[in-house]
Protein chains: 2
Amino acid sequence: MSIANELAEKQREISVSEFFERNKHILGFDNTTRALITSIKEGVDNALDACEEAGVLPEIHVEIDELSDDEYKVVIEDNGPGVIKREVPNVFGKLLYGSRFHQIRQSRGQQGIGISAVVMYGQLTSGQPTTVLTRVGPDHPAYRLDLRIDTKKNEPEIKNEEIVDWEKDHGTRLEITMEGRYVRGAQSIFEYMRTTSVVNPHAQLTLVEPDGTRTVFPRASEDLPPETVEIKPHPQGIELGQLQAMAKNTEATKITSFLQKDFCRVGLSTARKICEASGVREDRKPKYLKTDDCKDLMKAFDEVRMVSPPTDCLSPIGEALIRRGLRTEFKDADLIATTTRDPEVNGGPPFQVEAAVVYGADKITEEEQVEILRYANRVPLLYQRGGCVATTAIEKIDWRRYDLDQRGGQGIPRGSAAILVHVASTNVPFTSESKDAIANIPKIEDEIELAVRECARKMRSHIRKGKKMRKLRKKENIIRQIIPQIAEKSAQILDRDVPDYERSIANIMNAVMVTPEITYEQGVGHDVKVRVTNYTSHGKKVRLIVEIPPDGTLEDPNPDKIGLEDNKLSWEEIKIDSGEARTFEYRIRGLPPDDVSNVDAYLDGIDAALIAGAEEWEEDTVPETAPAPQQIDPDEEEITKEVEV
Amino acid sequence: MSIANELAEKQREISVSEFFERNKHILGFDNTTRALITSIKEGVDNALDACEEAGVLPEIHVEIDELSDDEYKVVIEDNGPGVIKREVPNVFGKLLYGSRFHQIRQSRGQQGIGISAVVMYGQLTSGQPTTVLTRVGPDHPAYRLDLRIDTKKNEPEIKNEEIVDWEKDHGTRLEITMEGRYVRGAQSIFEYMRTTSVVNPHAQLTLVEPDGTRTVFPRASEDLPPETVEIKPHPQGIELGQLQAMAKNTEATKITSFLQKDFCRVGLSTARKICEASGVREDRKPKYLKTDDCKDLMKAFDEVRMVSPPTDCLSPIGEALIRRGLRTEFKDADLIATTTRDPEVNGGPPFQVEAAVVYGADKITEEEQVEILRYANRVPLLYQRGGCVATTAIEKIDWRRYDLDQRGGQGIPRGSAAILVHVASTNVPFTSESKDAIANIPKIEDEIELAVRECARKMRSHIRKGKKMRKLRKKENIIRQIIPQIAEKSAQILDRDVPDYERSIANIMNAVMVTPEITYEQGVGHDVKVRVTNYTSHGKKVRLIVEIPPDGTLEDPNPDKIGLEDNKLSWEEIKIDSGEARTFEYRIRGLPPDDVSNVDAYLDGIDAALIAGAEEWEEDTVPETAPAPQQIDPDEEEITKEVEV
């Protein structure tokens, strides 16, 4: 017998559950601590998805009982739509079975692996079946089933089945016994629940720990996030092989109807244009397309202009929610800068990136590496930080340019900052089935970098403003001590009146200072006073612009001769004499106390070198509809020269 | 219709190929550059495994042709045993099909996914089938088949099949067309081939790049690595669920025969002890064991003493090969410290860790992070460095203790060093199917840490020895300038003879210096001279121990009254007067020039503070069979006191 024959006798099919049983670390069951966390995560993610699909405000109860030294019983109960009895064995007892894999829209679960893997891990380590209790509505009975997975075949086995009483009208309860280790700390079930609650304020989560401690993460919002809508593939986001498979399996009998029915954003006229551009006849049968025809169609997809795919398949967290979440975590932060990028929909699955940078919280020190908080489709990512595109994108940025400490201009920077990244997508490209880290897809990396840089710029201007102001205040303090003494002494010696030295002080200070002051009153809102002081030797004519937080309502601006556009409030042609100060006031309603902690102010019509406590108004930040005034102040011209000397 | 019913209609089975087609980044097809590397890697790993299984010295030919801007044809041809025709479609056209998954022994491939995934990626991006040409022996015809995968079903489709002429007696040739991008640099096909060649010196690898450049990585050794042997599971390495599945599927009809037949290291007496300890009757039918019986057996497995599993299922690279490989990479390194740990076989799949630390090569600077070279089962790992247990184990070590620069005592250290880690296992726990990073299994992390620390200690003593020697040499230089001048001046003034100042110099130097000198002559070997100089004020009686590289042959030690044990050469009771120097010589044959670049020397019987250029001989490093002499030198006692003052 040839060696090839000998080898052939060992060839065998491997069932997917057999594969994952052996390689359970790929699913996040690396060790007993993590296995417990992964189990809860899969259960809660599933429950949240199910509730949202059914339009129910989620109420999820998690309980972990220690049975013996390293054996735990895990209970996850939700008020979701329940699972019909026929589907229970497959949903919970078969890997690669589910409803979300074939839908193009954002959801937490997608692979049809997670919860069955928990069932499999439970039976592997405890020998026990999983108990599923489920009810689909008040007119239906509640069923209790005991399930196992035959891993050699990847098929469920029902061990026991009965109708039981349940006080819930609808929902699902899982009871799984498994080997585990319960811990607290940075990577823990508690942390997962807490961070999940932060970005899912519509959910009420309850955790009962093995020692009996019961924590409720209460619902903070009665609004379900907008339901994500399933879309069809967009022609510009698919691959050749996919197109071939779609053409082979379509029910359409002509290319034009195939393009219209099986893709989004393709109407009859676009379909015809595609056929024309590709040279493929409109009435060809999709089934009989050759590889070269498909290649021609692929080229035409890129040539023909079509509308981008709809973005309601995505559900970003939103800047307000991110800020609120981060504020609970970093109570005394000086700055929370956030951004939500536009969805990126051209080519590949649609995705959207959000980012935030927190600066100056007490809990993070200058010496430590900045904390990185990662989320994907509203789920916190706790493991594999180093292998995640969010981390590599951050490491690539030269943070020294943003005034953080970073050796060699690469790697994770150090300083009292934290960075949050959220990637929402119809198909988040995780590096493995355990969904810990996002793969290094260049487009996603680019978007993360842009988002983080946007926040970083805000942080830098905040840091620099702070530094400049501290320096100027120090200078002012010294000047205000010395100049009066000199003036008095000189006056005494010369036997004259003490001269007015305010102008001299301004002359030496040589800056226009912007100092905001925020007070908050319950039921009233945030009162903001912005004081502009001209510490230069000449009168100035400037424009003051302040940003109003997008979720707040502006009231009572004073003086009220103002412009308001694009969340930017502006006072035009403010004249301030040398040594003079003017105050501008407004109120913001509708935001929680911590949401307004600083004011983004800009000055226009004055040299940047003279501005302190605000930023120079830059042309490119001006909305196109309102071109910035191009007035040149003769005084300003002069000053500029002084500065140049 | 209830919501649960609506949801149920969307529930569907997902085929494993459909899953991986969507999530191809999990298999290492994140982007076009990487897809090309992954394809070559899977093909070459497969070819190496097949050759080794058949006992053939591998000759592997890789060729990459650029067909158009981003389309390449990849050819991988080997001289392996070939694949019988019946198995070709499954082996190359079905995911989760293979011969190595069910065998417990070290091999590169295991999952039965890799090469079929390449076929799938090819058809997805180019629309083309893969061509397989294979022949199992001179008496058999060569077959050429064109293959596709029906991803909806995970089944192969044969598109074309013919008998062809082939000049090879046996082997396999794959031709796959795919989208890709060919690059050079740190993460490239060239690098993969080069580093693979380094740890597989028995293979001849040829690479023809798209521009026609042909590189041969020649065979450096005619010896195949020892064939790894398939073992049965060891009772102490399995999990409850596995035991249950094994009991259910066994052909044995009694517990005792089940234990003997289906496990390794269990004979009749051990099997009986297990039954006794567990309270499970010997003649019970394995099929009918209950969960509690299995739990009792599991407990008994831990209680009953049994021999560890055999380790011939593993194939480490070996220290000599690691050193040779690293030397080609780091030509002018000052030090290459290596270690091969004992296999770790208790609990879980057997594994073995090897490590090396390179110090002081020109190509790495003091300022940069150290380079980390990772291997698993002789395959270089190029991606996901941050997510790999090899990296996290290195990051946890406080490298400041080993004289490398590391901020805060964690993270990747900086300095002119490189670290190599090799994990060999019957089942390497990769974090994903792309096999880029090893999961964080605590036992593996511990072993890596121990191995790396072992090498790090050698590096530290090398660094310190160097520093101490440089300091002493500087001191000696100064003393040798000043003392003679003082002596002469004083003699002149007092009109006396110049006194003998050698003893005074020794007094001031206060050290015993060990200075090795290595010369290499082609055909002769390495001649080593170790000079021991007593720069202290008293005579010393010491023992000198030098390490002989394990692969070299010792010749002509002089003086020849020596001890040789455990690769350690020692001269006992060496008496050296104050100011005196003695030389010890030997020759090492059979090693390449670069393999002996420094001498690990130890002194015994003298206070560590007085030793320069060698290390103190520590009790715990002494082999148990030869206890270290416990002589106390009265002189030494005195000196010690001096030092303490």
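Output the residue which, of all residues in region B:373-390 that are surrounded by 23 or more Cβ atoms within 10 Å (Cβ to Cβ) and in a helix (DSSP H, G or I), is farthest from the other protein chains (Cβ to nearest Cβ).
Looking at the filtered set, the residue picked out is B:Ala390.
Answer yes if at least one residue in region B:453-460 is of a type outside the set (Val, Ile, Thr) and at the interface with another protein chain (Cβ under 10 Å from one of its Cβ atoms), and no otherwise.
Scanning region B:453-460, I find no residue that is of a type outside the set (Val, Ile, Thr) and at the interface with another protein chain (Cβ under 10 Å from one of its Cβ atoms), so the answer is no.
Can you name the residue in region A:284-308 that is in a loop (DSSP other than H, G, I, E, B) and either hydroxyl-bearing (Ser, Thr, Tyr) or touching a helix residue (DSSP H, G or I) at 6+ places or on another chain (Cβ under 7 Å) (or both) and, of all such residues, is nearest to A:Ser107 (Cα to Cα)?
A:Ser308
Filter region A:394-412 down to residues that are more than 12 Å from chain B (Cβ to nearest Cβ) and in a loop (DSSP other than H, G, I, E, B) and give me whichever is nearest to the chain's Cα centre (by Cα).
Here the answer is A:Ile397.
Hey, can you tell me all the residues within region B:502-513 that are of a type outside the set (Gly, Ala, Ser) and touching a Ser or Thr at 6+ places or on another chain (Cβ under 8 Å)?
B:Arg503, B:Asn507, B:Met509, B:Asn510, B:Val512, B:Met513 - these are the residues of region B:502-513 that are of a type outside the set (Gly, Ala, Ser) and touching a Ser or Thr at 6+ places or on another chain (Cβ under 8 Å).
I need a count of the residues in region A:135-167 that are part of a strand (DSSP E or B), of a type in the set (A, V, I, L, M) and within 11 Å of chain B (Cβ to nearest Cβ).
Of the residues in region A:135-167, 1 are part of a strand (DSSP E or B), of a type in the set (A, V, I, L, M) and within 11 Å of chain B (Cβ to nearest Cβ).
Which residue pairs have Cβ atoms closer than 7 Å, lie 6 or more positions apart in sequence or on different chains, and pair a first residue in region B:288-304 that is within 13 Å of another protein chain (Cβ to nearest Cβ) and among the hydrophobic types (A, V, I, L, M, F, W, C) with a second residue that is surrounded by 20 or more Cβ atoms within 10 Å (Cβ to Cβ) and part of a helix (DSSP H, G or I)?
Close Cβ pairs (under 7 Å, with a partner that is surrounded by 20 or more Cβ atoms within 10 Å (Cβ to Cβ) and part of a helix (DSSP H, G or I)) amount to B:Leu289/B:Ala247; B:Cys294/B:Leu243; B:Cys294/B:Gln244; B:Cys294/B:Ala247; B:Leu297/B:Leu243; B:Leu297/B:Ile274; B:Leu297/B:Ser278; B:Met298/B:Leu243.
A:Ser434 versus (1) surrounded by fewer than 21 Cβ atoms within 10 Å (Cβ to Cβ); (2) in contact with a Gly (Cβ under 6 Å, 6 or more places away or on another chain): which is the lone unmet condition?
(1)
Given the criterion closer than 25 Å to B:Asn160 by Cβ and within 11 Å of chain A (Cβ to nearest Cβ), identify the matching residue among B:Gly114, B:Gly93, B:Gly98.
None of the others qualify; the one that does is B:Gly98.
Look at region A:183-221 and say how many of its residues are more than 14 Å from A:Ala47 (Cβ to Cβ) and of a type in the set (A, V, I, L, M, F, W, C).
9
Looking at region A:355-372, which of its residues are surrounded by fewer than 24 Cβ atoms within 10 Å (Cβ to Cβ) and either at pLDDT 90 or above or not polar (S, T, N, Q) (or both)?
A:Gly360, A:Ala361, A:Asp362, A:Lys363, A:Ile364, A:Glu366, A:Glu367, A:Glu368, A:Val370, A:Glu371, A:Ile372
State whether one or more residues within region B:178-188 are touching a residue at least 40 places away in the same chain (Cβ under 8 Å), touching a helix residue (DSSP H, G or I) at 6+ places or on another chain (Cβ under 9 Å), assigned by TED's automatic domain parsing to the domain that holds B:Ala54 and of a type in the set (Asp, Glu).
Checked region B:178-188: at least one residue is touching a residue at least 40 places away in the same chain (Cβ under 8 Å), touching a helix residue (DSSP H, G or I) at 6+ places or on another chain (Cβ under 9 Å), assigned by TED's automatic domain parsing to the domain that holds B:Ala54 and of a type in the set (Asp, Glu).
Got at least one residue in region A:340-348 being touching a Leu at 6+ places or on another chain (Cβ under 7 Å) and either under 22 Å from A:Pro549 (Cα atoms) or outside the structural domain of A:Val596 (by TED's automatic domain parsing) (or both)?
Yes: region A:340-348 contains one or more residues that are touching a Leu at 6+ places or on another chain (Cβ under 7 Å) and either under 22 Å from A:Pro549 (Cα atoms) or outside the structural domain of A:Val596 (by TED's automatic domain parsing) (or both).
Find all pairs meeting these conditions: Cβ atoms under 9 angstrom apart; at least six residues apart or on different chains; first residue within region B:228-242 and farther than 30 Å from B:Gly55 by Cβ; second residue of a type outside the set (Lys, Arg) and assigned to a strand (DSSP E or B).
The qualifying pairs are B:Glu239/A:Glu179; B:Leu240/A:Glu179.
Where residues in region A:25-50 are charged (D, E, K, R) and more than 9 Å from chain B (Cβ to nearest Cβ), which of them is surrounded by the fewest Cβ atoms within 10 Å (Cβ to Cβ)?
A:Asp45
From the list A:Gly93, A:Gly127, A:Gly112, A:Gly122, exactly one residue is on the phi > 0 side of the Ramachandran plot, buried (at least 17 other Cβ atoms within 10 Å of the Cβ) and under 35 Å from the mean Cα position of the chain (by Cα). Which is it?
After applying the criteria, what remains is A:Gly112.
Kindly evaluate B:Asp560 against the criterion of being under 19 Å from B:Glu517 (Cα atoms), without any contact (Cβ under 8 Å) to a residue 12 or more places away in the chain and not hydrophobic (A, V, I, L, M, F, W, C).
yes
List the number of the failed condition for B:Val119; all other conditions in (1) of a type in the set (A, V, I, L, M); (2) more than 8 Å from chain A (Cβ to nearest Cβ); (3) touching a residue at least 60 places away in the same chain (Cβ under 8 Å) hold.
(3)
In region B:467-498, what count of residues is obtained for those that are in contact (Cβ under 8 Å) with a residue 24 or more places away in the chain and out of contact with any strand residue (DSSP E or B) (no Cβ under 8 Å at 6 or more places or on another chain)?
The qualifying residues number 4.
Using the structure shown, decide if A:Ala8 is assigned by TED's automatic domain parsing to the domain that holds A:Glu71 and farther than 21 Å from A:Gly180 by Cα.
no
Among the residues that make up region A:479-486, is at least one of them at pLDDT below 90, crowded, with 19+ Cβ neighbours inside 10 Å and basic (Lys, Arg)?
No, the conditions are met nowhere in region A:479-486.
Sort out which residues of region A:571-586 are over 14 Å from A:Arg531 (Cα atoms) and crowded, with 18+ Cβ neighbours inside 10 Å, and write them in order of number.
Residues satisfying the conditions do not exist here.
Would you be able to say whether some residue in region B:266-278 is hydroxyl-bearing (Ser, Thr, Tyr), within 40 Å of the chain's Cα centre (by Cα) and within 18 Å of A:Gly127 (Cβ to Cβ)?
yes
If I filter region B:57-75 for residues that are touching a Lys or Arg at 6+ places or on another chain (Cβ under 8 Å), within 27 Å of B:Arg181 (Cα to Cα), more than 8 Å from every other protein chain (Cβ to nearest Cβ) and crowded, with 23+ Cβ neighbours inside 10 Å, do I get at least one hit?
There is no residue in region B:57-75 that is touching a Lys or Arg at 6+ places or on another chain (Cβ under 8 Å), within 27 Å of B:Arg181 (Cα to Cα), more than 8 Å from every other protein chain (Cβ to nearest Cβ) and crowded, with 23+ Cβ neighbours inside 10 Å.
For region B:62-116, what are the residues that are basic (Lys, Arg) and either without any contact (Cβ under 8 Å) to a residue 40 or more places away in the chain or part of a strand (DSSP E or B) (or both)?
B:Lys73, B:Arg86 - these are the residues of region B:62-116 that are basic (Lys, Arg) and either without any contact (Cβ under 8 Å) to a residue 40 or more places away in the chain or part of a strand (DSSP E or B) (or both).
Out of the residues in region A:19-64 that are among the small types (Gly, Ala, Ser), under 24 Å from the mean Cα position of the chain (by Cα) and under 28 Å from B:Asn427 (Cα atoms), state the one that is modelled with the lowest pLDDT.
Among residues in region A:19-64 that are among the small types (Gly, Ala, Ser), under 24 Å from the mean Cα position of the chain (by Cα) and under 28 Å from B:Asn427 (Cα atoms), the one modelled with the lowest pLDDT is A:Gly28.
Counting only residues that are in contact (Cβ under 8 Å) with a residue 40 or more places away in the chain and surrounded by 15 or more Cβ atoms within 10 Å (Cβ to Cβ), how many does region A:540-557 have?
11
The values are calculated or read from the model by the stated rules, or taken from the named source; none is laboratory data. Computed from a prediction, not measured in an experiment: that's the story for all the values here. Glycine also receives a Cβ, built like all others from the backbone with ideal geometry; neighbour counts cover every protein chain displayed.
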